[in-house]
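Down below is the structure, laid out as structure tokens.
The values are calculated or read from the model by the stated rules, or taken from the named source; none is laboratory data. Every value quoted in this text rests on a predicted model; they were computed, and no experiment measured them. Every residue, glycine among them, receives a Cβ derived from its backbone with ideal geometry; neighbour counts consider all protein chains shown. Remember, those area values only see protein heavy atoms, side chains included, never the ligands or the DNA or RNA. Shrake-Rupley method; radii C 1.70, N 1.55, O 1.52, S 1.80 Å.
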Amino acid sequence: MKLDKYYVQEKAELKIDGKVYELPVLIGEEGERAIDISKLRNQTGYITLDYGFMNTGACASAITYLDGDKSILNYRGYPIEDLAEKCTFVEVAYLLVHGSLPTVAELKNFSGLLNKYALIHEDMVHFFDRFPPGSPPMSILSSMVNALSVFYPEMIHDPLMKIDMMTARLISKVRTIAAFSYKKAMGQPLVYPGMITRIAPIS
């Protein structure tokens, strides 16, 4: 449920053991409606049961609107098909972080940050040589992303790091790791961002 901006238009009533409880009805930007049951247990002692979460919103998102029944996926109000057709990766990344598509100057600055932080620590590069042949790229990617916090603790613990710098570092390094993971899965030499091909060690 996309709740970047929402309002409580009305309240739903739930009657349990002869007592009536009022639950807020939230109306999201896209017109979706949800009954807020977050305080239900505290007020009544009851919880809800929803097998498979078929009728439960997992979160309130300021970024994503998803309606599987109607095949709708919007990011920041833009249909995914429009973003895929008309925007670059960098533009969409900026949109998700900042809430609007970048100007020419903003795009240039953000793209520069992505290029600046594209390389990963060389010790991390050696990790790729230890994954078995045929390892699923997503498994490699998730393992390597977990390792980022060890090599770049300031990305987690530095409260003064600006949002542009932090997000650019994370996005850029994940992009590099994804590319390396794919090359590893294909059994091909790794290619450094903007550099020559890395020669794989002779086995």
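Below, the figures for the structure above:
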{"item": "Length-normalised contact order of the chain in % [C-alpha pairs under 8 Å, at least 6 apart]", "result": "14"}
{"item": "Restraint check, LYS86/LYS184; LYS108/LYS173; LYS116/LYS184; LYS39/LYS70, Cα-Cα greater than 27 Å", "result": "LYS86/LYS184; LYS39/LYS70"}
{"item": "Distance from the range 21-55 to the range 98-162 (C-alpha centre basis), Å", "result": "37"}
{"item": "Accessible carbon and sulfur surface of the range 15-141 relative to its total accessible area, %, 1.4 Å", "result": "56"}
{"item": "Linear extension gain, GLU30 paired with ASP50, 0.36 nm per residue minus alpha-carbon span", "result": "4.8 nm"}
{"item": "Where the range 83-173 is the region considered: accessible area per residue in Å², 1.4 Å probe", "result": "60"}
{"item": "Neighbourhood net charge (10 Å Cβ-Cβ; Lys/Arg +1, Asp/Glu -1) for LYS11", "result": "-4"}
{"item": "Listed candidates (i) 36; (ii) 49; (iii) 60 - label of the one calculated as percent of Cα pairs over 24 Å apart", "result": "(iii)"}
{"item": "Helical contribution to [θ] at 222 nm, DSSP H n ≥ 4, -39,500 (n - 2.57), averaged over the chain, rounded to 500", "result": "-12500 deg cm²/dmol"}
{"item": "Dipole of the chain, positive end: most advanced residue of GLY134, PHE89, THR103 [Cβ charges, Cα centre]", "result": "GLY134"}
{"item": "Distance in nm between pseudo-label sites at LYS11 and ILE80 (7 Å out along the Cβ direction from Cα)", "result": "3.8"}
{"item": "Net charge of Cβ neighbours under 13 Å - reference TYR94; Lys, Arg +1; Asp, Glu -1", "result": "-1"}
{"item": "Theoretical gain in end-to-end length, GLU106 to MET155 [0.36 nm per residue, Cα-Cα removed]", "result": "15.4 nm"}
{"item": "Assigned charges on the beta-carbon of Lys, Arg, Asp, Glu; the chain dipole about Cα centre (debye)", "result": "540"}
{"item": "Cα gyration tensor, the range 1-104 - rounded (a/c under 1.5), prolate or oblate", "result": "prolate"}
{"item": "FRET E, pair MET186, ILE63, Förster distance 25 Å, beta-carbon r, rounded to 0.05", "result": "0.20"}
{"item": "Charge tally in the Cβ shell below 15 Å around MET144, where Lys, Arg are +1 and Asp, Glu are -1, MET144 excluded", "result": "+3"}
